[in-house]
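S.K.: Sharing a structure with you now.
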Protein chains: 2
Amino acid sequence: MIIGKQSIQFDRAPYILEASSVVGKKEGEGPLGKLFDRVEQDPMLGKDTWEEAESELQKIAAEGVLKKSGLTKADIRYILAGDLLEQMTATSFGLMDLEIPLFGLYGACSTMGEALSLGSMLISGGYGEYIMTVASSHYAGAEKQFRFPLDYGNQRPLAASWTVTGSGAIILSMKKGRARITGITTGKIVDFGMKDSMNMGACMAPAACDTIYQNFMDFNRQAEDYDKIVTGDLGYVGHDILIHLMKEKGFDISKQHMDCGMLIFDQETQDTHAGGSGCGCAAVTLCAHLLRQIEKGAWKRILYIPTGALLSKVSFNEGRTVPGIAHAVVIEHVS
Amino acid sequence: MIIGKQSIQFDRAPYILEASSVVGKKEGEGPLGKLFDRVEQDPMLGKDTWEEAESELQKIAAEGVLKKSGLTKADIRYILAGDLLEQMTATSFGLMDLEIPLFGLYGACSTMGEALSLGSMLISGGYGEYIMTVASSHYAGAEKQFRFPLDYGNQRPLAASWTVTGSGAIILSMKKGRARITGITTGKIVDFGMKDSMNMGACMAPAACDTIYQNFMDFNRQAEDYDKIVTGDLGYVGHDILIHLMKEKGFDISKQHMDCGMLIFDQETQDTHAGGSGCGCAAVTLCAHLLRQIEKGAWKRILYIPTGALLSKVSFNEGRTVPGIAHAVVIEHVS
């Protein structure tokens, strides 16, 4: 079951039973717009603050996946969830009403990868019949949290990414579902000394490379063994760096690589610079798009690697580096 | 293995192989002072910022437990760790050099309970030979993060607690160790509508009550089935509320109840008001004190319940409530 240095290959591979996604207006206007379960036109979602709006996104995604799977909140053994806000307040206030035992996670934008990794081990280990994973982000909340409140009207460099407003929720189970998680590779913190919070792709690419390389080693695989290798939110800048770093390690993943941050927005028309980012980016792209491709068999096996940048505004202002982390999940078609 | 609504009773109960603790000067002068592995006299630990100082505490605790157990970092399959700082920066920078696959957790001051719960399931499920759990807090970093920087010299109301400067690290394994984790009860978010960040005990007591009561129901136990019922950091105010709330549910836990926040400081002489708090409080008290009592058989079985208050300075300033969460771990003597 344990293979190599950092991976698990499941003897009893858990299923992604169902998934749900909700996004904001801009994401709804993007290339994946028609695939999301719900597109919210009001960025405040009728609430008074950005933080409450993000909480509402989590609540909608969680209630959505319960409804789609025909389950009630009492059926869910655990929720594994997280977000980008300080002390994870979107999660605390968003999921409170569900009254489900909660393991709060912080993995920055790698959260959905972390949650699926832990959730798969718990389901496969027999610790619950149904486990829910949730991750979210909100453009305005993230800008306020990490950079500047929107009202400042600051300039965005071309290397900056656009935090996705959205939340994805997934229910894992041993009952046959839409796809199967057959393995995981858990990431270490990787620090290449980058310090630019306006260039998160460059900060996270080395972590993505580290985890993908380790996945290849542990499973004795190479790029061709995956139909797609999908990172979370490296964006255009991080994508180029990742391809380069993997080549240095002897692997050409340029044919298989996709990035959720490059899929979710149209760079030409949506003015999103380096691409989408945030916990919500990898989460909603999996729930709305990737999962459908796997389910219908267009892709037989993918490596899904949400990527996180481990910074706070305090660590950034104190001149610290921005280390990255990436958690890989092997997702396969169920025939 | 799954019992009741929120609990696991382990068929293969994992061991606490070894534990390590490091604290600051004030904790070293308290009633448990002689029990800690290391007492740091310099609150900055030779670093430039409070955040770096807290990272250093985690590093010392993690390296300490490796040394005490005769293991190297390559032996550890996963670290499950967290802290109180925004975006968990103490953990990211403190544990980076260990190069061990990391699952970052956010459970506020319940982190060590959350980490032991997930870690025990992973070890018992066969997902690793050794798993490390780490939690930390720092008085000055927490005051700056949640209330006011120390330089402001603000008044502290009597209901306020004193964040413990310290970090505890534990290695879990199926190899026979110093104590055994035989069960867990995972907490839900509980919100009684309290809004006072200077009275965290009152905010967290309802969550502690909810988890302890559920533990009693799931395991069909009562107070007398535990030698001690030890909450994390309710302090004097929260202690009184917890006893009262449990009585309302028909259980008198006043003979068994202890609180790490009441154990770690001398209220009379150390001017710590309601008691100690922070992720570090429950972590170092377990590592240095509780574990010793269980190991030597003074206590055969305890219920250890670290308690977390789910607030950020943003949620507080926006007038939101302070919900709580508590994760219970059943720890037993190994004969």
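S.K.: Between B:E51, B:E18, B:E268, find the one with the highest GNM mean-square fluctuation for chain B; connect C-alpha pairs within less than 10 Å.
M.R.: Residue with maximal mean-square fluctuation among B:E51, B:E18, B:E268: B:E268.
S.K.: Can you flag which of A:K228/A:K300; B:K144/B:K313; B:K176/B:K296; A:K195/A:K228 are past 18 Å Cα-Cα?
M.R.: Table pairs above 18 Å Cα-Cα are A:K195/A:K228.
S.K.: How many angstrom separate the Cα center of segment A:110-161 from the Cα center of segment A:49-89?
M.R.: After rounding, the separation between the Cα centres reads 12 Å.
S.K.: Let me know the mean shielding of B:186-198 by other chains, meaning the per-residue number of their Cβ atoms within 10 Å of its Cβ.
M.R.: So the per-residue partner count for this stretch is 3.
S.K.: Further, regarding this structure: As a test, work out the antiparallel percent of DSSP beta bridges whose residues both lie in chain A, rounded to the nearest 5.
M.R.: In chain A, DSSP labels about 65 percent of beta bridges as antiparallel.
S.K.: Can you work out the Karplus-derived ³J(HN,Hα) for every residue in segment B:107-122? Use 6.51 cos²θ - 1.76 cosθ + 1.60 with θ = phi - 60°, whole Hz, and x for glycine or proline.
M.R.: x, 6, 6, 8, 3, 5, x, 5, 5, 5, 5, 5, x, 5, 5, 5
S.K.: Another one. What's the lysine pair count for segment A:1-66 at a Cα cut-off below 30 Å, pairs eight or more apart or interchain?
M.R.: Pairs that pass both the separation and distance tests number 9.
S.K.: I want to verify a result. In a Gaussian network model of chain A, Cα cutoff 10 Å, which of these has the top mean-square fluctuation: A:G232, A:G166, A:G104?
M.R.: A:G104
S.K.: Enumerate by residue number the trypsin sites (Lys or Arg not before Pro) in segment A:154-202 meeting two conditions: DSSP loop (anything except H, G, I, E, B), and at most 11 other Cβ atoms within 10 Å of the site's Cβ.
M.R.: Those that pass, being in a loop and sparsely packed, are A:K176.
S.K.: So who's got an amide H within less than 5 Å of the one on A:Y78, skipping anything under 5 residues away but keeping other chains? H placed 1.01 Å off N, in plane.
M.R.: A:M132
S.K.: Right, here's the next one. Which distances, shortest first and in nm, link B:D48 to the matching position in the other copies, using label points set 7 Å out along Cα to C-beta?
M.R.: The answer, with the shortest distance listed first, is 4.0 nm.
S.K.: I would also like to ask the following. Using the Karplus curve 6.51 cos²θ - 1.76 cosθ + 1.60 with θ = phi - 60°, what ³J(HN,Hα) values do you get for each residue of segment B:56-68, in whole Hz, with x for Gly and Pro?
M.R.: In residue order, the calculated couplings are 5, 4, 4, 4, 5, 5, 5, 5, x, 6, 4, 5, 4 Hz.
S.K.: About the Cα centre of segment B:158-198, how large is the charge dipole given +1 on each Lys and Arg Cβ and -1 on each Asp and Glu Cβ? Please answer in debye to the nearest 20.
M.R.: In total the dipole reaches around 440 debye.
S.K.: Kindly provide the helix-only [θ] at 222 nm of the protein assembly as shown, computed as the sum of -39,500 (n - 2.57) over DSSP H runs of four or more divided by all residues, to the nearest 500 deg cm²/dmol?
M.R.: One gets -9500 deg cm²/dmol as the mean residue ellipticity at 222 nm.
S.K.: Moving to a separate point now. Give the average, rounded to an integer, of partner chain Cβ atoms located within 10 angstrom of each Cβ in B:314-326.
M.R.: 4
S.K.: Here is a further query. Hey, got the average number of other protein chain Cβ atoms within 10 angstrom for residues in A:112-124?
M.R.: Mean shielding count: 3.
S.K.: Moving on. Quick one: label points 7 angstrom along Cα→Cβ at B:D151, distances to the other copies in nm, smallest first?
M.R.: 2.6
S.K.: Which residues' amide hydrogens lie under 5 Å from the amide hydrogen of A:L45, considering only partners 5 or more residues apart or on another chain, with H built in the peptide plane?
M.R.: Here the answer is none, since no amide H 5 or more places off falls under 5 Å of that of A:L45.
S.K.: Pull up all non-local amide H partners of A:R301: gap of 5 or more, or a different chain, and H-to-H distance under 5 Å with H placed in the peptide plane.
M.R.: Amide H neighbours of A:R301: A:D227, A:K228, A:H333.
S.K.: What whole number of Å gives the distance from the Cα centroid of segment B:171-200 to the Cα centroid of segment B:262-335?
M.R.: 9
Every read-out reported here was derived from the displayed coordinates using simple, explicitly stated rules and does not represent laboratory data. Note that the coordinates shown come from a computational prediction; the quantities given were computed from them, not determined experimentally. As a convention, Cβ positions derive from the backbone with ideal geometry for all residues, glycine included, and neighbour counts pool all protein chains shown.
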